[in-house]
Amino acid sequence: MSSPTHPQTPFEARDETWSLALRHITQPKSANHQGSIFGGVILSMIDEATYVEARRHGVHRWLTVSIERVEFQHPVWMGDMLTCWTKVARFGTTSITVNVRVEAERFSTADVINVTTATVTMVSTNAAGKPIPFRSPPSMPIATAFGLQS
């Protein structure tokens, strides 16, 4: 299993500033007829990993504002384990910009390879969708978020 100190670490800056945000075992439903994973599945994981990082900094509704260029360096195959690492690149008043790195651990060899990187900006919003300072008190209690009564 890959960890932040794994000797096969493909990216150079593996240190405490990168946080594990998401892990996913690829499944047939995410693959094309040749067994490679659709790029849109990986883009969705990048978006979700960014939310995980943003949520660490404020309990709000977070909306994706932008995703910078994503270039896939290697294919991902069915059965590979994908890992998304995140690091805050910039704090704004209502937004956070996050660097995301995606790695694949090959099913057959356990080799770890870089798949892609992305820079994503998210903005924190209130219930009306208006930007709010992400350092403000939580605007989205978990019970309210899922329609549960406390």
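Computed from the coordinates by the stated procedures, all read-outs in this text should not be read as laboratory data. In this text, all values refer to a predicted model and were calculated from it rather than measured experimentally. Here the Cβ positions follow ideal geometry from the backbone for every residue, glycine too, while neighbour counts run over all protein chains shown.
Some notes on this structure:
- Compared with the alpha-carbon gap, the fully stretched path from Thr64 to Phe107 is longer by 12.4 nm at 0.36 nm per residue.
- Cα centroid separation - region 40-54 against region 83-146, whole Å: 7 Å
- For Val98, Val112, the sequence from fewest to most other C-beta atoms within 10 Å is Val112, Val98.
- If R0 is 25 Å, the Cβ-Cβ spacing of Ser19 and Asn126 corresponds to a FRET efficiency of close to 0.45.
- The charge dipole of region 19-130, taken about its Cα centre with unit charges on the Cβ atoms of Lys, Arg (+1), Asp and Glu (-1) only, comes to about 420 debye.
- Restricting region 50-121 to GluC sites (Glu not before Pro) in coil, as DSSP defines it, with at most 13 other Cβ within 10 Å: Glu68, Glu71
- With semi-axes defined as the square roots of five times the eigenvalues of the C-alpha gyration tensor, the equivalent ellipsoid of region 19-130 measures 28, 13, 12 Å, largest first.
- Local electrostatic count, Ala54, Cβ distance below 13 Å [Lys/Arg +1, Asp/Glu -1]: +3
- Per-residue Karplus couplings for region 41-47, computed as 6.51 cos²θ - 1.76 cosθ + 1.60 with θ equal to phi - 60°, are listed in order as 5, 5, 4, 4, 5, 4, 4 Hz, Gly and Pro entered as x.
- For the pair Arg90 and Arg135 in one chain, pulling the backbone fully straight at 0.36 nm per residue adds 14.8 nm over the alpha carbon distance.
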